[in-house]
Amino acid sequence: MKYTIAVRALCEFTAKVGDLDLRFTPSPTAQEGMAGHATVTGRRDDDYQREISLSGDFGPLHVRGRADGYDPARRQLEEIKTYRGELDAMPANHRQLHWAQARIYGHLLCQQLNLPMLRVALVYFDIASQKETLMHEECTAEALRLFFEQHCALFLDWAEQEMAHRANRDVQLTSMAFPHADFRPGQRQLAEAMYKASSRGCGLLAQAPTGIGKTVGSLFPMLKATAAHGLDKLFFLASKVPGRQMALDACAILKDSAPLLPLRVLELSAKTSACVHPDKACHGESCPLAKGFYDRLPLAREVALASGLILDKEAVRAIALQQGICPYYLGMELARWSDVVIGDYNYYFDLSAMLYGMTLAHDWKVNVLVDEAHNMVSRARSMYSAELAQINLKMLRKFAPDTLKKPLDRLSRQWTALLKEQDGDYHVHAALPDKFFGALQGVATAIGDYLADHAGGLDDDLQRFYFDVLLINRLAESFGAHSLFDVSKTETGTTVCIRNIVPAPFLKERFAASHSTALFSATLSPWNYYSDTLGMPADTAWVDVESPFQAEQLSVRVADSISTRYQHRAASLLPIAQLMARQYAETPGNYLAFFSSFDYMEKTATLFAQHYPDVPIWQQPRRMDDSARAQFLGRFGLDTRGIGFAVLGGAFGEGIDLPGARLIGAFIATLGLPQINPVNEQIRQRMGDLFGAGYDYTYLYPGMQKVVQAAGRVIRTQSDKGVVYLIDDRFSRPEIRQLLPTWWDVQLANQ
């Protein structure tokens, strides 16, 4: 059995020593790096060889990679590195890693071309000045062979351990049984669809009702597929913390049911929550957990993986602090060696996604599970959107260092010129204004050079503005029909924005990098809306899992005599209050009432309290922390009664579990349609141009998804019973009714 590893991964394991040091950053963007490589190789002679595929073996190790370039006339192999700032400021351990990579490539090239000698060169290319700095050494093939074997030997013990782990893992996964006595109704259908998608290597959109055990029902078949289909890893991605916790709990159930299964499960956490010393910079002279990080990493890695624990964020933190290293960067390292990685959507889908980057770099074969996937459209749009506020530029100009004043002043002038084209509060430009983005690029270059030279005392506002500029410039490079460039006037000035409308062009490469990606949720209808906007592969399968619930469990009533349209809301308050009071009097218990805005909710709650003071009510606060959320949910007890007022699409419209008597009904006083405003109207127009369904894709489908999610809070188990009132005359329309779950028996409220 061979263990394949990339040259870069081998060197990062064997040649990284010393401190964690992020001071020689920010590094060039990926586009700048590629452009820098192209500039360097473009300066070489015609016989210069670029991107040379190389590989070699050492025992069970198979090492492979692509060398940047080879000059046969000089017998010179080149490893090209782009950078910003002063090259002398580069930490020594960075340089050591670069030399290790160059020498490994040197050995592989000597072996391939049967060379007795080779000049090995590091070419450092300054993005700002476009100048090259070349460092080289003359090496014999024998010396390079010894270097290669030395580093392979350092990794070999670990590789053999990993091969044994992989073999044992796959044997145990093959024999692993479902962790419960039987599948729940619908759960087997979901599991079979997941496994078949992996067998075919295609995508999957799975609509599966709440309450069937979607998390276990997706993890179990995909773990079985891991062994059967030769997968390296399984990524479980969730939009919110409760989704990640459910995945951790499901993995614990699976591990408990198979005691011999050596399954490594890791939860990734955000840097802001993982950081122990947020007041310190990420280098050894500032943070004690960065000092000697790479020297202590091997033991921490070994302790973590040998523990047999599910490595949630608390377990990773405890091990990191025990070993005296940074929890966040330990988590990033452990992702290389884990079987199941649980994290937020952004770890695989955003512009700088860590798991996606690792998948490409290490050529992993992965399956990806996306929980509560109805959130993917809005989340992905935000990942590929960026904005800049004029007020931040004005503040920065007042206190900026002298070396930055000129490029910032130029940007300010171009911003003013941009506003001359505007005749209202909101304006969409047909194309990106070249002069404005030229000025933005100049600011990015100037701040990047400044930060590289003054990394010791970075100003937070300057750094934040710089990252915002980098992001909007990066999105400008791929600007197209999938996005808008707009300018909005606010009370504090203007804001420019590249606003993504259709994430598909960005996500397609993410789907292509996985063996199979399965998106699942209780609300994924109509499937073509999600397939179109997210860019799912053409061979994506679709399954609508049968509901385990019966129509008799849920009474769905349409209050078609009430309109909740904006112009009718004042008139709707009393009829809604009366309807709620009648239902409560008929069947006292715990109810949730959903409204389209806080204003609408608060006015209805006030009126209800005036007319029905004996009915307990409580409201979702406009600003809510974890304790306020817990307090709101705590009112829904097994022996309590009352009505909780909430906003549709907010914290209580999905992702909460109130089974049995904790919740027996819901009132939904809205279709959930997004607000009609200039931005949404632009989205509607663009959706119409691209897909021919502008209103549906912009308003109707996103709104009805929120309605069905909110209604799904009522029936959580096969023994639950309850009622849902859909309050608006439009719910009686056929085109609206067809977007509701097929198992519902929808009746008019007066029937």
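The values are calculated or read from the model by the stated rules, or taken from the named source; none is laboratory data. Just so you know, these numbers come straight off a predicted model, no measurement behind them. Ideal geometry is used to build each Cβ from the backbone, glycine not excepted, and the neighbour counts take in all protein chains shown. For accessibility, only protein heavy atoms count, side chains too; no ligands or nucleic acids. Shrake-Rupley method; radii C 1.70, N 1.55, O 1.52, S 1.80 Å.
Mean silhouette area of the range 449-584, derived from the convex hull of its C-alpha atoms and averaged over all directions, reads 17.2 nm². Put simply, the C-alpha atoms of the range 282-344 give a gyration tensor, and the ellipsoid matching it has half-axes of 20, 12, 10 Å, longest first. Charged side chains reduced to their Cβ positions (Lys and Arg at +1, Asp and Glu at -1) give the chain a dipole of some 880 debye around its Cα centre. Once you reduce the range 334-348 and the range 506-581 to the center of their Cα atoms, the two points are 28 Å from each other.
With a cut-off of 12 Å between beta carbons, the residues surrounding Arg188 carry a summed charge of -2, where Lys and Arg count +1 and Asp and Glu -1. Convex hull volume of the Cα atoms of the range 271-382, normalised per residue: 129 Å³.
Counted over all Cα-Cα pairs of the range 665-751, pairs farther apart than 18 Å make up 49 percent. In order along the range 559-576, phi translates into HN-Hα couplings of 8, 7, 8, 10, 10, 9, 4, 3, 6, 10, 5, 4, 6, 8, 4, 5, x, 5 Hz, rounded to whole numbers, per the Karplus curve 6.51 cos²θ - 1.76 cosθ + 1.60 with θ = phi - 60° and x for Gly and Pro.
Could you state the angle between the C-alpha long axis of helix 214-228 and the longest principal axis of the C-alpha atoms of the chain, as a value from 0 to 90 degrees rounded to the nearest 10? Once rounded, one gets 30 degrees. Remark: the range 668-748 carries a charge dipole of roughly 220 debye about the Cα centre, counting +1 on each Lys and Arg Cβ and -1 on each Asp and Glu Cβ. Each of the peptides 249-261, 661-673, 326-338 was scored by the mean count of other Cβ atoms within 10 Å over its residues; in descending order, highest first, they stand as 661-673, 326-338, 249-261. To the nearest ten degrees, helix 678-691 and the longest principal axis of the Cα atoms of the chain are 70 degrees apart. What would the Debye equation give as log₁₀ I(q)/I(0) for the range 446-513 at q = 0.18, 0.22 Å⁻¹, counting only Cα atoms as equal point scatterers? Scattering profile of the range 446-513, log10 relative to I(0): -0.86, -0.98.
Among Gly203, Tyr105, Gln422, which residue has its Cα furthest toward the positive end of the charge dipole of the chain, with +1 on Lys/Arg Cβ and -1 on Asp/Glu Cβ? The one lying farthest along the dipole's positive direction is Gln422. Bridges between two residues of the chain, per DSSP, are antiparallel at a rate of about 35%. Net charge dipole, the range 29-93: roughly 100 debye, given to the nearest 20, about the Cα centre with Cβ charges of +1 for Lys and Arg and -1 for Asp and Glu. Ordering Ala361, Tyr566, Thr517 by the projection of their Cα atoms onto the charge dipole of the chain, which places +1 on the Cβ of Lys and Arg and -1 on the Cβ of Asp and Glu, puts Tyr566 at the extreme positive end. Between the range 655-671 and the range 382-397, what's the alpha-carbon centroid distance in Å? Going from one Cα centre to the other spans 40 Å.
Taking other residues whose beta carbon is less than 15 angstrom from the beta carbon of Gly589, and scoring Lys, Arg as +1 and Asp, Glu as -1, yields +3.
For the range 609-685, the Kirkwood hydrodynamic radius from C-alpha pairs, put into Stokes-Einstein at 10 °C and a viscosity of 1.306 mPa s, yields a diffusion coefficient of 107 µm² per second. What is the helix-to-structure angle for 390-399, meaning the angle in degrees between its Cα long axis and the longest Cα principal axis of the chain, kept from 0 to 90 and rounded to the nearest 10? So the helix axis and the longest Cα principal axis differ by about 40 degrees. Residues in the range 453-534 average 37 Å² of solvent-accessible surface per residue, probe 1.4 Å, ligands and nucleic acids excluded.
Converting the Cα gyration tensor eigenvalues of the range 383-514 into ellipsoid dimensions via √(5λ) gives semi-axes, longest first, of 25, 21, 12 Å. Scoring 390-403, 4-17 by mean Cβ neighbours within 10 Å over their residues and listing the highest first yields 4-17, 390-403.
Among the listed pairs Lys603/Lys706; Lys16/Lys233; Lys2/Lys196; Lys406/Lys508; Lys435/Lys489, those whose Cα-Cα separation exceeds 31 Å are Lys406/Lys508. Pair-distance distribution of the range 550-638: all C-alpha pairs, bin width 5 Å, starting at 0; shares per bin in whole percent are 2, 11, 21, 22, 21, 14, 8, 1.
Spread over its residues, the convex hull of the C-alpha atoms of the range 85-242 is 231 Å³ per residue.
Each 5 Å bin from 0 upward holds the following percent of the Cα-Cα pairs of the range 15-103: 3, 11, 18, 21, 20, 15, 10, 3, 0. Ligands, DNA and RNA are left out, and with a 1.4 angstrom probe the accessible area of the range 540-662 is 49 Å² per residue.
Compactness ratio for the range 211-324: Cα radius of gyration over 2.2 N^0.38 Å (N = residue count) comes to 1.25.
Per-residue Karplus couplings for the range 645-651, computed as 6.51 cos²θ - 1.76 cosθ + 1.60 with θ equal to phi - 60°, are listed in order as 9, 9, 9, 5, x, x, 5 Hz, Gly and Pro entered as x. Which of rounded, prolate, oblate describes the range 85-153, given a ≥ b ≥ c as roots of the alpha-carbon gyration tensor eigenvalues and a/c under 1.5 marking rounded, otherwise prolate only if a/b is larger than b/c? Prolate, since a/c reaches 1.5 and a/b exceeds b/c. Name the residue farthest towards the positive end of the dipole of the chain from the options Cys251, Thr41, Phe148, assuming +1 on Cβ of Lys and Arg, -1 on Cβ of Asp and Glu, about the Cα centre. Toward the positive end, the furthest listed residue is Cys251.
Between the range 188-226 and the range 688-704, the alpha-carbon centres lie 28 Å apart. The share of accessible area on the range 130-252 that comes from carbon and sulfur is 55 percent, using a 1.4 angstrom probe. On the range 583-636, 49 percent of the accessible area sits on carbon and sulfur atoms, based on a 1.4 Å probe. For the range 228-282, the alpha-carbon radius of gyration amounts to 1.50 times the rule-of-thumb value 2.2 N^0.38 Å expected for a compact globular protein.
What whole-number value in Å² describes the accessible area per residue of the range 305-427 for a 1.4 Å probe? The answer is 42 Å² per residue.
Please work out whether the range 548-597 counts as rounded, prolate or oblate from its C-alpha gyration tensor, where a ≥ b ≥ c are the square roots of the eigenvalues and a/c under 1.5 means rounded, while otherwise a/b larger than b/c means prolate and anything else oblate? Because a/c hits 1.5 or more and a/b exceeds b/c, the range 548-597 counts as prolate.
Could you bin all the Cα-Cα distances of the range 17-166 into 10 Å bins starting at 0 and give me the percent of pairs in each, rounded to whole numbers? It works out to 10, 36, 34, 18, 2, in whole percents.
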